[in-house]
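Worksheet for the structure shown next.
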DNA sequence: AGGCGTTATATTCTGTTAAATATAACGACC
DNA sequence: GGTCGTTATATTTAACAGAATATAACGCCT
């Protein structure tokens with residue numbers, strides 16, 4: 001059984017859609033590393049369809065696309081994170097880190113003093 | 001259509017179970033105000049079963065029960081938040097507020113500059 | 001004793017979400 | 001022109017979550 005663990009999730013919403021959150025950020029990074037949606041999905045043990053849907057949502061929520069795709073061609077096509085996407089990712093990660101740092105101490109106390117030990 | 005909105009959710013996990021999060025915290029407050037699980041559930045437009053399940057999870061995750069219940073008796077019974085539950089709630093709200101304050105500025109920039117307007 | 005509103009719990013139904021499967025289109029490369 | 005792996009999308013199937021329903025137990029109160 002894993003140790004008691006505190007996680008902060010920051011999700012940015014646009015209307016009712018989740019523009020970005022932990023999962024989408026990870027997916028962006030996987031695309032950056034693999035160069036395709038399908039390879040990124042495989043590496044995250046996620047269905048291609050699900051990955052494609054997440055990217056589609058992001059591309060619709062942000063002012064500019066975060067991922068560029070190419071169908072056909074060398075290797076059958078591929079996908080790349082855009083410079084704008086890199087910016088989105090960087091700033092999201094920054095916000096995540098700020099929140100985590102701000103509560104780190106109190107979270108530690110909370111889990112130590114209040115949660116049942118496992 | 002609602003305006004672009006950023007929400008930070010802090011959920012504290014124990015093992016794989018969510019010990020506490022925004023919904024459970026609200027439920028605790030509703031019980032504090034109403035004095036019963038069923039009235040709290042009604043006030044939140046939630047099924048009694050669901051509310052009971054959430055409370056049960058909390059009571060199992062924390063070192064002490066956060067809610068005391070009584071079956072039968074005056075009014076059929078009822079439920080009260082324990083002093084320990086009040087402590088849990090207060091400290092959870094504090095953590096929530098700290099995280100929100102830490103990222104408020106950057107979240108504002110993020111939504112203004114990066115998100116598509118609605 | 002019987003009624004009442006609640007807690008506590010099991011079971012069934014239902015709707016939504018995710019997975020699985022299938023298929024078309026694409027364009028470089030051989 | 002055929003092959004390849006990918007994007008893009010539809011359709012079907014399965015899994016899960018939540019709602020709905022049902023019921024027992026409880027203890028005060030009239």
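Each reported figure results from applying straightforward, stated rules to the coordinates on display, with no laboratory input. Note that the structure is predicted; figures quoted are calculated from it, not measured. In this analysis, Cβ positions are derived from the backbone assuming ideal geometry, glycine residues included, and neighbour counts consider all displayed protein chains.
Computed values, structure above
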{"item": "Any hit, the stretch B:62-76, residues being touching a strand residue (DSSP E or B) at 6+ places or on another chain (Cβ under 9 Å), more than 16 Å from DNA strand D (Cβ to nearest atom) and within 8 Å of chain A (Cβ to nearest Cβ)", "result": "yes"}
{"item": "Test: residue A:91 is in a helix (DSSP H, G or I) and surrounded by fewer than 17 Cβ atoms within 10 Å (Cβ to Cβ)", "result": "no"}
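The rows are residues; the columns are (1) within 16 Å of DNA strand D (Cβ to nearest atom); (2) part of a helix (DSSP H, G or I); (3) farther than 19 Å from residue A:107 by Cβ; (4) at the interface with another protein chain (Cβ under 9 Å from one of its Cβ atoms).
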{"residue": "B:8", "(1), (2), (3), (4)": "no, no, no, yes"}
{"residue": "B:13", "(1), (2), (3), (4)": "yes, no, no, yes"}
{"residue": "B:26", "(1), (2), (3), (4)": "yes, yes, yes, no"}
{"residue": "B:40", "(1), (2), (3), (4)": "yes, yes, yes, no"}
{"residue": "B:46", "(1), (2), (3), (4)": "yes, no, yes, no"}
{"residue": "B:85", "(1), (2), (3), (4)": "no, yes, no, no"}
{"residue": "B:99", "(1), (2), (3), (4)": "no, yes, no, yes"}
